[in-house]
Amino acid sequence: MEAIVAISTPPGYGGIGIIRISGKDTFKIIEKIFEPKNKKKNEIKGYTMKYGKILSSNGNIIDEVLVTYFVSPKSFTTENMCEINSHGGPIILKKILEICLENGAKMAEPGEFTKLAFLNGRIDLAQAEAIIDMINSKTEKEQQASINQLEGNLSNKINEIREDIMQKMVDIEASIDYPEYDIEEITKRELRQMLEKVNIKLKKIEDNFEKGKLIKDGIRLAIIGRPNAGKSSLLNAILNEERAIVTEYEGTTRDIIEEFVVIEGIPVKVIDTAGIRNKTDDKIEQIGIEKAKEIAKNADLVIYIIDSSKKIEEEDKEILKLLKYKKAIIVLNKQDLDSEISTKTEGIRELNKPIIKLSALKKEGIEQLYKEISEMFKLGEIKIDESVTVTNERHKEIIKNAQKNTNDSINSIDNNMPIDIIQISIKQILENLGKITGNSVSEEIIDEIFKKFCLGK
């Protein structure tokens, strides 16, 4: 038998579960295990659904199901496919899966259905990667960017550039094959014009990556400060729930707490850290302090929270100095109490960082903090439209390499290199761009990409 099978719905209990089968022998397997309500033998038609029962090898009823039929080539994988819609209990799904395996299907690898769609030419590699990004989307903007890529926005732009290059490759071949016609100089001049246009298009795609990175990866935000400054209260206020323990005792937070919030459609990973102080006899707290410093170092944004009801101390000043070259916001907390610190306090004023006054305990001033974060990262300017938005690090590196190949080709022309030498670096542009769409990518990279997929997709 030639067919793969997997459960496509997440583990656990639900109203409906789906088992997906694909391959040449899909319909033969379904015929063995499925008894439709209408037992008349009809021709199998694509995009149709039949109601009936899944039976075990001894004829026992496993479940009442709906089976959806997709006839090759009009299916996700372009092969014959069926989706068995059963009740969503894990025992039922497991039993139906076992029956499919007993009747000749083999267990699908993670992402194998999508891999077949790619290998059979239904989608290209960039579109396949868009599917996993869409599944893993944390925000609507990320989901929309994935949809745009799945619709072929990136692939179309890459193919357009490749087509421009391919048309000129014909002129190169003619120049090499017929040197007596003395067309090399004309070819070089036209090549240079084409390569300059290619460079502009590639730069435009690369420039979109910073926007794409924010959409996909979001902002890594670290909350740091001295013990009892209100870090955990600020985390709770941002999340609008009691996520972290808050007490009057110093050193309550020992480990790292991470949670996601969404600000103007962008995911923000908020990290609450241990209070930073110079002296502690508690070894566990000391580990937490070292972790806090490391997280602050690697964060996209640091919020340094200060208890404004107390005078600023030397420890505060030392930590504030660490923020000199970081994107940071100073938060003067506990504004519901009498303040001992202002925006003009020594050590704060010199940093020239945004300062927010708030009361984390009373959840006052949080919207102002959100507004400051939005303005710092220009979140309001991030729109998802029909333009190409690169969210994938792999794609960015390939685009950069293609730009280097383009510049090398232009330099070769300017240095009056022979046309066959120029041809080599131009072919490298095509090779690199083909790695995005899958026209020229190794089997090893393909396998690595599809390993990231969930089972049954």
Requiring at least 2 residues that are at pLDDT 95 or above, touching a His at 6+ places or on another chain (Cβ under 9 Å) and more than 19 Å from residue 28 (Cβ to Cβ), the strands (runs of 3 or more DSSP E) wholly within the range 43-126 are 61-70
The condition of being surrounded by 19 or more Cβ atoms within 10 Å (Cβ to Cβ) and either modelled with pLDDT of 90 or more or farther than 19 Å from residue 426 by Cα (or both) holds, among 158, 147, only for 158
Quiz item: Can we say residue 61 is more than 30 Å from residue 121 (Cα to Cα), in contact with a strand residue (DSSP E or B) (Cβ under 8 Å, 6 or more places away or on another chain), without any contact (Cβ under 8 Å) to a residue 12 or more places away in the chain and surrounded by fewer than 18 Cβ atoms within 10 Å (Cβ to Cβ)?
Solution: yes
Could you tell me whether any residue of the range 395-416 is in a loop (DSSP other than H, G, I, E, B), of a type outside the set (D, E, K, R) and in the same structural domain as residue 146 (by TED's automatic domain parsing)? yes
Within the range 121-166, the residues that are β-branched (Val, Ile, Thr) and either over 20 Å from residue 445 (Cα atoms) or touching a residue at least 40 places away in the same chain (Cβ under 8 Å) (or both) are 131, 132, 135, 139, 147, 158, 161, 165
Considering the range 68-95, residues that are in contact with a helix residue (DSSP H, G or I) (Cβ under 8 Å, 6 or more places away or on another chain) and surrounded by fewer than 22 Cβ atoms within 10 Å (Cβ to Cβ), and then whichever is farthest from residue 15 (Cα to Cα), we arrive at 78
Screening 283, 310 for residues that are of a type outside the set (A, V, I, L, M), within 22 Å of residue 357 (Cα to Cα) and assigned by TED's automatic domain parsing to the domain that holds residue 232 leaves only 310
In the range 349-368, residues that are outside any helix (DSSP H, G or I), of a type outside the set (Gly, Ala, Ser) and either at pLDDT 90 or above or surrounded by 15 or more Cβ atoms within 10 Å (Cβ to Cβ) (or both) total 8
Filter the range 212-248 for residues that are among the charged types (D, E, K, R) and within 31 Å of the chain's Cα centre (by Cα); the one that is modelled with the highest pLDDT is 220
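The values are calculated or read from the model by the stated rules, or taken from the named source; none is laboratory data. Computed from a predicted model, the values in this text were never measured in an experiment. No Cβ is skipped: glycine too gets one built from the backbone with ideal geometry, and neighbour counts run over all protein chains shown.
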